[in-house]
Amino acid sequence: QVQLVESGGGLVQPGGSLRLSCAASGIIFSIYTMGWYRQAPGKQRELVAVITSGGNTNYRDSVKGRFTISRDNAKNAVFLQMNNLKLEDTAVYYCRAGTGDYWGQGTRVIVSS
């Protein structure tokens, strides 16, 4: 059974930082491209960042230079370091393995003063 469990969300002020984690089980983690997505209220889910099995990364333009995706294959985990958070980063953040239906349950990030 595939499980993706996100953690690390919370309430933070603009300019603050959070580090999201996603722990995976039930998959051969090291071969999967892993992605972080987010869904803000009333909006569609969007891709935030991806990291391939080889460690190549890609980001949506609005988070470039502020967010960093990384992975630890020994721990079957993927991370999203979010710095200089903005109000518009408020969303539920989801972890995804590959491009199919392997999703986590999400962790909520609220950026508010």
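The values are calculated or read from the model by the stated rules, or taken from the named source; none is laboratory data. This structure is a prediction, so every number in the text was calculated from the model and none was measured. Cβ coordinates were reconstructed from backbone atoms using ideal geometry, including for glycine residues, and neighbour counts include every protein chain displayed. Side chains are part of the model used for accessible areas, which takes the heavy atoms of the whole protein and leaves out ligands, DNA and RNA. Shrake-Rupley method; radii C 1.70, N 1.55, O 1.52, S 1.80 Å.
Here are a few things to note about the model shown:
- Spin-label model, Thr99 to Val5: label points 7 Å out along the Cα-to-beta-carbon direction sit 3.0 nm apart.
- Taking only protein heavy atoms and a 1.4 Å probe, the accessible area of the stretch 44-113 is 43% carbon and sulfur.
- In order along the stretch 79-96, the Karplus-derived 3J(HN,Hα) couplings, from 6.51 cos²θ - 1.76 cosθ + 1.60 at θ = phi - 60°, round to 10, 9, 8, 10, 10, 6, 5, 10, 3, 6, 7, 4, 4, 8, 9, 10, 9, 9 Hz, and Gly and Pro are given as x.
- Two numbers describe the Cα atoms of the chain: Rg and Dmax, which are 13.1, 41 Å.
- Probe 1.4 Å, protein heavy atoms only - accessible area per residue of the chain in square angstrom: 53 Å²
- Placing R0 at 22 angstrom, the Cβ-Cβ distance between Ala23 and Leu47 gives a FRET efficiency of 0.60 after rounding to 0.05.
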